[in-house]
1. Give me a count of the residues in segment 207-221 that are surrounded by fewer than 24 Cβ atoms within 10 Å (Cβ to Cβ) and either within 18 Å of residue 92 (Cα to Cα) or not assigned by TED's automatic domain parsing to the domain that holds residue 35 (or both).
2. Would you check if residue 174 is free of Cβ contacts under 8 Å to residues at least 60 places away in the same chain and either closer than 21 Å to residue 91 by Cβ or assigned to a loop (DSSP other than H, G, I, E, B) (or both)?
3. Could you go through segment 221-231 and let me know if any residue there is out of contact with any His (no Cβ under 9 Å at 6 or more places or on another chain), more than 12 Å from the ligand (Cβ to nearest atom) and in a loop (DSSP other than H, G, I, E, B).
4. Is it the case that residue 145 is assigned by TED's automatic domain parsing to the domain that holds residue 159, touching a residue at least 60 places away in the same chain (Cβ under 8 Å) and in a loop (DSSP other than H, G, I, E, B)?
5. Could you say which residue among 209, 189 is at pLDDT below 95 and assigned to a loop (DSSP other than H, G, I, E, B)?
6. Of all residues being modelled with pLDDT of 90 or more and either touching a Cys at 6+ places or on another chain (Cβ under 6 Å) or in a loop (DSSP other than H, G, I, E, B) (or both) in segment 78-118, which is nearest to residue 148 (Cα to Cα)? Just the residue, please.
7. Only one of these is among the acidic types (Asp, Glu) and closer than 26 Å to residue 174 by Cβ: 261, 201, 215, 265. Name it.
8. Please name all residue pairs, on different chains or six or more residues apart, with Cβ atoms under 8 Å, provided the first residue is in segment 236-257 and is surrounded by 14 or more Cβ atoms within 10 Å (Cβ to Cβ) and the second residue is basic (Lys, Arg).
Amino acid sequence: MQRLGLLKIFGFEMEKDSYQQVSGQKYECVLFDVDDTLYPLSSGISAEITKNIAVICLFCGCLSQEYMVTKLGIDQTNVTEMALQLYKDYGTTMAGLRAIGYDFDYDDYHSFVHGRLPYEMLKPDPVLRNLLHSLPIRKVIFSNGNEAHVAQVVSRLGLEDCFDGVICFETLNPTHNSSEPNDDDVSEIPKTPVICKPFEEAFEKAFKIAGMNPEKTLFFDDSIRNLKTAKSTGLHTIWVGSSHQTTGVDHALESIHNMREALPELWEAIGASDVCSTEKAAIETPVRA
Ligand SMILES: [Mg+2]
């Protein structure tokens, strides 16, 4: 088994005590999405992506459609429209496929869709690495991606030791129950057994797993719909990849590199010189791939 990175996936207990807590501290934790948030759309990955997938994950849209055609036997002529609709209705194409009755192994889907991505296009980002290491608050990844994908991206960006924990697909969906017939009213869209952003259930589960108080947590994501749900749960929201303020967004950043300029209070709250046990705290449990 190949070992990638040094991310802690489930170990959140010790990190609560790894940062100096100040009474009345406004923020205690920062949550980060991964795709199109930790790296920009301009990273070159988009050059690998073909037409009609702009609103689906730019990194894996094509391959999820390829999976639908080659593994699930869905008609090629409808697949782009179908994938888009499922993404809109269910948060991810995978969640939508399960909702409408397709049964498949989650690991098979992830290895097909993510296992062949051109990760070499992602380059180390020392600027972001320094920012994260200087940030004196607990940092947790919150991604719909699977564990191996998150580990690959974080490793390629050189950020393996920058986070205190990871909430990913396997964290939110620890078991795959393949037989969940849907007997709901047919006038409503069927429910999906997959827990993922942008649905509130995913956020509530993340808060519980990581022991977060959403009202003292900042959430960085490139997806406006994720941010709108986040805002409704009490999180403070930062839209990455846009400078437009809109409903559900507290701050908008063109790049995550702008986080210190936009949110200087994060570094001032405790005093950056006192901090950051992240580097030593994060080297615990290797991510499996
Ligand atoms: Mg994203």
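The values are calculated or read from the model by the stated rules, or taken from the named source; none is laboratory data. No experiment lies behind these values; they were computed from the predicted model shown. In this analysis, Cβ positions are derived from the backbone assuming ideal geometry, glycine residues included, and neighbour counts consider all displayed protein chains.
1. Residues that pass the stated criteria total 0.
2. Taking the combined requirement at face value, the residue satisfies it.
3. Within segment 221-231 (the criterion being out of contact with any His (no Cβ under 9 Å at 6 or more places or on another chain), more than 12 Å from the ligand (Cβ to nearest atom) and in a loop (DSSP other than H, G, I, E, B)), the answer is no, since none of the residues qualifies.
4. yes
5. 189
6. Result: 105.
7. 201
8. 237/231; 248/228; 248/231; 249/231; 250/231
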